[in-house]
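The values are calculated or read from the model by the stated rules, or taken from the named source; none is laboratory data. Given the structure is predicted, the values throughout are model-derived calculations rather than measurements. Using ideal geometry, Cβ is built from the backbone for each residue, glycine included, and neighbour counts are taken over all protein chains shown. These area figures cover heavy atoms from the full protein model, side chains too; ligands, DNA and RNA do not enter into them. Shrake-Rupley method; radii C 1.70, N 1.55, O 1.52, S 1.80 Å.
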Amino acid sequence: METIASAAKQVPLYAGLPFIGNTLAFFRNPLKTLLILQRQQHRMVHLRIGGRHQYLVFSPEDSKHILQENHRNYGRSLAFQVLKIFLGNGLLTSDGDFWRRQRRLAQPAFHRQKLAALTQTMIAETADWLDELKQRNRQQPVNVSQAFMDVTMRIVCKTLFGSEVATQLDGLSSALDTLNYMANDRLLSPIRVPLNWPTPGNRRFRQAGALVDTFVYDLINQRRKNLDTGVDSGDDLLGMLLSTEDEETGERMSDQQLRDECVTLFSAGHETTAVSMAWTLHLLSQNPDVLTRLRSESKAILGDARLPSPEAFRALTYTMQVVQESLRLYPPAWIMSRLALGDDHIGPYTIPAGSAALVCPYLLHRDPASWSDPDRFNPDRFEPGGEKDQLHAYAYLPFGGGPRLCIGNQFALMEMQILLAMLVRDFDIQAVPDQHIIPRPLITLRPSRPIQIILR
Ligand code: HEM
C-alpha cells in the first residue's frame, strides 16, 4: 500500500501489479481482496480495476454521503451502458431528469396498498409451485437455486402482466431470461462482439428480443384500447404503470417507456430474489434451531390452508427477521458503483471526476465495527429495538440507499416472506452433505455452485 501526495491521489492506493493494477486480485477472489482491504482500516482506498480508477469507501457515513447526501454528483457507471442494449432506458439504467420523471411515474405502483393487490398472485403462484415440488421424488435433492429462479420468474411475469401471460408464460419467460443472461454475460466479458455480427448468440438475442417486444407492445395496445372503452387497465404492474399520470405535468408513459420499464422490472425483480432465497435455505439447512422456530411460527399463523390469507403474512415477524438476516450475510447486490461527475471531497480525500465510487453492502454488513460476531447467522439482530436498530442506517443496505433505493424492496420482502413461510410449513429442509458453498460475486452474489437441498 502506498500513499501519493497530490490532492486527488492522497487516498491510499492499493497498487497491485504493474499495468493491470488490482484486476487480477479482483478477478481471482474479489471478496477476499475486499475483506483484506477492510481490515487495514483506511477510510477509503484507491483501486485500479480493468484500467479504471475506483474509490472504495468503507464506513456507513461515507456510503450515505455518496448514495444520498451528494448523490447529484454521481451518475450511472459504465456498466449500466451495457445493460441498456436489453433494458433500454428504464429505471435501472437511466439518469438525470429522465430517470427522475420515470421514478415519479413508477413509484405509485409500488405503494403498500397497491402491492397488497399483488399478494394474492404471489400466494397462488407459490401454492402451485409447492404442489409441483410435492410431486417430485422426495429422495432426490432439489436444486433450489434453479427452483427459486423458476418460481420468482413466474411471480414477476404474473404480477407484471396479469392473467394474459398464462398461455405464453414459458416462451416469454425463457426469452426474457435469454436476454437477461446475455446482457449479464456481455457485462462481465472483456470481449464484446458487436450486436450486428451474424453470430449464433446474436441471432438468439435478436429472436428473444423480438418475441418480448411483440408480446409487450401487443399487450400495451390491447390495454390502451380497453382504457379507451372504459374498461379498467388492470391491477397488475403494467396496468398501474399505464394509468399513472405525472403529478407535475399530467403526462403518461409512452409505449417505448412502458416496454423498457417492464423489461427492467422483470430483470431486476427475479434473479435477486431467487438468489437470496437459495442462500436463505442454505443458512437454514445449517441452523436447525432457527428453522424450528421459523416453522412453528408459520404453522401457528398460516395453519394448513393451501392459500393462506394475505393478512396472515403480516404477523410473520420472525420470518421477516430471517429474511433480513439472510440479506445481511448474502446481499445479492453486493457492491454498487457510481460515476463521479465532479470532484467529491470526503474528509481529507478527493474522489476525482470521471472515476468510480464504490459502496459495498457485503463489507458494510460484515463490518465488526458495526456488527457483533458478524459472520454468525442470527435473526434476533432484527428484533424491534435489537442490534440493527442501534446502528447507523447505512450499516445495512441490501436495497441500496438514497433516491436510487430499490423500488421493489417491499415487493421483494413480501415475496420472500411468502415463499419462505409456505415452504418451511410444508417441507423439512436438510443440507446435502459435503457441499462446499462459497459466495461468488458476479453481478449478483451467487453461490459458487447450485445449492442442493433435501426437501421432505
Ligand atoms: C432481494 C431482492 C432485491 C434486492 C437485494 C434488490 C437490490 C437493489 C439495489 C441494491 C438497488 C440499487 C442499485 C444502485 O443503487 O445502484 C436496486 C434497484 C432497483 N431494483 Fe431492486 N432488489 C431486489 C428486488 C427487486 C424487485 C422485486 C424489483 C421489481 C419488482 C426490483 C426493481 C429494482 C429497480 C427498478 C431498481 C432501480 C431503481 C432506480 O434506480 O430508480 N428490485 N435493487
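Key figures for this structure:
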quantity	calculated
Cα-based shape type of the chain, given that a ≥ b ≥ c are square roots of the gyration tensor eigenvalues and the cut on a/c is 1.5	oblate
222 nm mean residue ellipticity, helices alone, for the chain (DSSP H n ≥ 4; -39,500 (n - 2.57); rounded to 500)	-16000 deg cm²/dmol
Proximal charge balance of R223 [Cβ under 11 Å; K/R count +1, D/E count -1]	-4
Chymotrypsin sites (Phe, Trp or Tyr not before Pro) within region 68-140, DSSP loop, no more than 12 other Cβ atoms inside 10 Å	none
Among beta bridges that DSSP assigns inside the chain, antiparallel share in %, nearest 5	85 percent
Of all accessible heavy-atom area on the chain, the percent that carbon and sulfur account for (1.4 Å)	52 percent
Chain lengthening between D428 and Q286 when straightened (0.36 nm per residue, less Cα-Cα)	49.9 nm
Q10-D128 pseudo-label distance in nm [points 7 Å out on the Cα-to-Cβ vector]	6.0 nm
Using a Förster distance of 41 Å, the FRET efficiency for Y217-R449 (Cβ separation, nearest 0.05)	0.60
Prolate/oblate/rounded call for region 84-238, Cα gyration tensor, a/c under 1.5 rounded	oblate
Per residue value of the accessible surface for the chain (all protein chains in place, 1.4 Å probe), Å²	45 Å²
Size of electric dipole in the chain: Cβ of Lys, Arg +1 and of Asp, Glu -1, about Cα centre, debye, nearest 20	1240 debye
Virtual paramagnetic centre 7 Å along Cα→Cβ of R100, amide N under 19 Å, in region 246-290	246-253
Most to least accessible of S370, S309, S355 (protein chains only, probe 1.4 Å)	S309, S370, S355
Global form of region 246-376, assessed from the alpha-carbon gyration tensor, a/c cut-off 1.5	oblate
Loop-resident sites, region 296-402, for GluC sites (Glu not before Pro), counting at most 15 other Cβ within 10 Å (DSSP)	none
Subset of K114/K158; K64/K158; K64/K388 violating a 24 Å alpha-carbon distance limit	K64/K158
Part-to-part distance (alpha-carbon centres) for region 80-106 and region 415-456, which is given in Å	32 Å
Of the DSSP H helices in the chain, those whose Cα atoms cover at least 24 Å axially and whose Kyte score averages 0.5 or more	144-161, 409-426
Separation in nanometres of the label points that stand 7 Å from Cα toward Cβ, at R224 and E251	1.6 nm
